[in-house]
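Remarks on the structure that follows.
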Amino acid sequence: MLQNQINHKGTIFKYLCLLFLIFTSSLFSQNSEKVKKSLNKSFNGLYFGLNTGKQTIFSGAFINNIDVLAQDSKITTEFISGYRKQVFDNKIVFGGEIQIGLSDHNLMLDYIENSNSQFNIDYTNKNQISFGLNTGVVISNNTLLFAYGYIVKSNFDIVITEMNGSTFSQEDGQRFLRYGIGIEIPIYKSFNIKGTLGSTKIDHDDLQTNTKVDSEANFAFGVIYQF
């Protein structure tokens, strides 16, 4: 099991490295004078947008000093708002962003502690919000290649049902990091399209858990309106 997780994370890392190499090779293959003449402020200022893609979703219920985790890979739609600044002849972009996610993030798990202690757990997602930074470089034809990092807060209401039918409730708030790389291209007037590929970093501190969350590759496609 541990070896499979290591191999899986290694595969994600290889994909990220491959995309980074493609992006950087495209950057340095451009003629610098042509790049400079073609650049404009397609990524400067306030913007709004919409993302949809697949994300690793997880939550934990605290039972007898164990953080009982459930996870899945879910389609997520996010409303995006942010501000960016182009500097150094419009070649470099940096900015901040907020994302509000909407999805069926509900999870279920049958947790067997022992033969006399079994639980059915419903994890109902209330909301997900992300705050992040992004920075990138603009190459010819106003293509933005960027890296991003988001701190994500995902809140759940949890209902735990025991074998005898009794239930009790909890609340769970997961904080974790999402990071990766992406590409954004203007398509019509102030509208841009974008794509991202990344992963998730999860830290449960010193809590004992029933399992480890296996971070799968996260990917998304979106539309941006740049003011």
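The values are calculated or read from the model by the stated rules, or taken from the named source; none is laboratory data. Small disclaimer: the values here were computed from a predicted structure and weren't measured. Backbone-built Cβ (ideal geometry, glycine too); neighbour counts: all protein chains shown.
Quick notes on this structure:
- Some residue of the range 154-169 being in contact with a His (Cβ under 8 Å, 6 or more places away or on another chain) and hydroxyl-bearing (Ser, Thr, Tyr): yes
- Number of positions in the range 186-227 that are hydroxyl-bearing (Ser, Thr, Tyr), surrounded by fewer than 16 Cβ atoms within 10 Å (Cβ to Cβ) and more than 16 Å from Asn40 (Cα to Cα): 2
- Yes/no for Ile183 being assigned to a strand (DSSP E or B), of a type in the set (A, V, I, L, M), crowded, with 20+ Cβ neighbours inside 10 Å and touching a strand residue (DSSP E or B) at 6+ places or on another chain (Cβ under 9 Å): no
- Per-region count, the range 186-227, residues in a strand (DSSP E or B) and of a type in the set (Lys, Arg): 2
- Selection of the range 122-141 for residues being under 21 Å from Glu184 (Cβ atoms), touching a residue at least 60 places away in the same chain (Cβ under 8 Å) and hydroxyl-bearing (Ser, Thr, Tyr) yields only Ser140.
- Of the strands (runs of 3 or more DSSP E) that lie entirely inside the range 50-118, those containing 3 or more residues that are within 30 Å of Asn142 (Cβ to Cβ) span 66-87, 92-102.
- Residue list for the range 51-73, restricted to those being within 16 Å of Ile112 (Cα to Cα) and not aliphatic (A, V, I, L, M): Gly60, Phe62, Asn64, Asn65, Asp67
- Single residue of Leu107, Leu144 found to be touching a residue at least 12 places away in the same chain (Cβ under 8 Å) and either touching a His at 6+ places or on another chain (Cβ under 8 Å) or closer than 15 Å to Phe58 by Cα (or both): Leu107
- A search for C-beta distances below 9 Å between a residue of the range 67-90 that is without any contact (Cβ under 8 Å) to a residue 12 or more places away in the chain and any residue that is part of a strand (DSSP E or B), counting only pairs 6+ apart in sequence or on different chains, returns Val87/Val93; Val87/Phe94.
- Boolean, Asp206 is in contact with a helix residue (DSSP H, G or I) (Cβ under 7 Å, 6 or more places away or on another chain), under 30 Å from Ser117 (Cβ atoms) and at pLDDT below 95: no
- Filtering the range 155-171 to residues that are touching a residue at least 60 places away in the same chain (Cβ under 8 Å) and surrounded by fewer than 19 Cβ atoms within 10 Å (Cβ to Cβ) leaves only Gln170.
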